[in-house]
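Chemist: One structure, as structure tokens, below. Some questions next.
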Amino acid sequence: MHKEITAKKLLSHATRPDPWFGIKHSMNIYRGCEHQCIYCDSRSECYGIEDFSNLYIKVNALELLERELFSLRTKGTIGTGAMNDPYTKAEQSLNLTRGALQIIARYRFPVHILTKSNLVLRDLDLLKILSGKYAAVSFTITTAEQKLAAQIEPGAPLPEERFRAIKKLSEAGIYTGIYMMPILPFLEDNEENIKEIVNKAALSGAKYIIPWFGMTLRDRQRGYYYQKLDQLFPGVKRKYINTYGNNYQCAVINAKKLSLLFTRLCREQAIATQLSIYQTKRPAQLPLFEQ
Ligand code: SF4
């Protein structure tokens, strides 16, 4: 179900860009997400989204963005996709993310998009313009296995479609790559999965893969995830309880081995394991006495 809301503010600001992704300003046009990944951290109580199955649309998002960018003095990277997918299904007809990219391009801000959807290809024309400043499009891919992906990310386009989108973006000269996280313990933490993701990434022209070998679990997000594990993978919940108890950070048991394998494979395929983030250029200092 879709509901319209009016927001007071659109962007939230970090005191300094985060070291992984270089994001200074975060933008969420939607609340909730139609992709409904069973592991989604946005279900956690701290975010205050009571019914994550509904999509809330910030109907005044573009108006707010225009106003906020007009008065922003620091041109740091605008990130979108951390709390919900900016290319959730409704975006196809609402065009709000597209509208936001148009505004961002006009104000010449760098941008980082995180998504699971090939709908981002619709905005290739804008991404080309944004790339003149800085644009990175990262696709979350946690498994290369289509059947498993359809179970754990039921509303999102399949990984095959995401790899195809990476190929198209890469061929168009857009800086694109993969977030390989979370890696779900006992479901995705096998060598074949890591090998397949890296191989397909290389074939698609991905420039980077950023990994994390594990997941986070807390309060009602854990509750929802465990309920889904019982439905889809009977017996697996018990392994989580025995291994992680109430831990928030749940690294896969063989994280070190998988990490070594991943690093070797990426080196062989010349894929970076870090994002090249947007750097604010310092004004060149004039030599003393030069006018
Ligand atoms: S796409 Fe991202 S935000 Fe949407 S449900 Fe999946 S993990 Fe959550």
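Just so it is clear, none of the values below were taken in a lab; they were calculated from the coordinates. All values derive from a computational prediction rather than experimental measurement. Cβ sites come from the backbone with ideal geometry, for glycine too, and all protein chains shown count toward neighbours.
Chemist: Please count how many residues of the stretch 54-85 are assigned to a loop (DSSP other than H, G, I, E, B), within 19 Å of the chain's Cα centre (by Cα) and at negative phi. Write out each step before concluding.
Modeler: Step one: filter the stretch 54-85 for residues assigned to a loop (DSSP other than H, G, I, E, B), giving 54, 59-60, 71-76, 81-85.
When the remaining residues are screened for being within 19 Å of the chain's Cα centre (by Cα), the result is 76, 81-85.
Narrowing further to those that are at negative phi: 76, 82-85.
Adding up the residues that qualify gives 5.
Condition check ((1) among the acidic types (D, E); (2) closer than 17 Å to P86 by Cβ; (3) within 14 Å of the ligand (Cβ to nearest atom); (4) surrounded by fewer than 22 Cβ atoms within 10 Å (Cβ to Cβ)) across all residues:
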site	(1), (2), (3), (4)
Q151	no, no, yes, yes
P157	no, yes, yes, yes
E160	yes, no, no, yes
K167	no, no, no, yes
P182	no, no, yes, no
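Chemist: Moving to a separate point now. For residues in the stretch 130-148 being aliphatic (A, V, I, L, M), outside any helix (DSSP H, G or I) and within 16 Å of L275 (Cβ to Cβ), which is nearest to the ligand (Cβ to nearest atom)? So that I can check it myself, show each step before the final result.
Modeler: Narrowing the stretch 130-148 to residues aliphatic (A, V, I, L, M): 130, 135-137, 141, 144, 148.
From what's left, outside any helix (DSSP H, G or I): 135-137, 141, 144.
Subsequent filtering for residues that are within 16 Å of L275 (Cβ to Cβ) retains 135-137, 141.
On the way: A135: 20, A136: 17, V137: 14, I141: 11 Å.
Restricting to residues being aliphatic (A, V, I, L, M), outside any helix (DSSP H, G or I) and within 16 Å of L275 (Cβ to Cβ), the top hit is I141.
Chemist: Among the residues of the stretch 1-15, what is the count of those that are surrounded by 13 or more Cβ atoms within 10 Å (Cβ to Cβ) and in contact with a helix residue (DSSP H, G or I) (Cβ under 7 Å, 6 or more places away or on another chain)?
Modeler: Count: 3.
For (1) aliphatic (A, V, I, L, M); (2) within 16 Å of the ligand (Cβ to nearest atom); (3) farther than 28 Å from I209 by Cβ, each residue gets a yes or a no:
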position	(1), (2), (3)
E34	no, yes, no
R43	no, yes, no
I49	yes, yes, yes
T80	no, yes, no
T88	no, yes, no
N95	no, no, yes
R98	no, no, no
Q102	no, no, yes
P110	no, no, no
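Chemist: For L229, indicate whether it is exposed (fewer than 14 other Cβ atoms within 10 Å of the Cβ), in contact with a helix residue (DSSP H, G or I) (Cβ under 9 Å, 6 or more places away or on another chain) and in a helix (DSSP H, G or I). Even if it seems obvious, please write down each step before you answer.
Modeler: Details: exposed (fewer than 14 other Cβ atoms within 10 Å of the Cβ): no; in contact with a helix residue (DSSP H, G or I) (Cβ under 9 Å, 6 or more places away or on another chain): yes; in a helix (DSSP H, G or I): yes.
No; evaluated as a whole, the condition is false for this residue.
Chemist: How about the stretch 27-74: which of its residues are among the small types (G, A, S) and surrounded by fewer than 20 Cβ atoms within 10 Å (Cβ to Cβ)? Full working, then the answer.
Modeler: So in the stretch 27-74, the residues among the small types (G, A, S) come out as 32, 42, 44, 48, 53, 61, 71.
Once the filter is applied, which keeps residues that are among the small types (G, A, S) and surrounded by fewer than 20 Cβ atoms within 10 Å (Cβ to Cβ), the stretch 27-74 yields S42, S44, G48, S53, S71.
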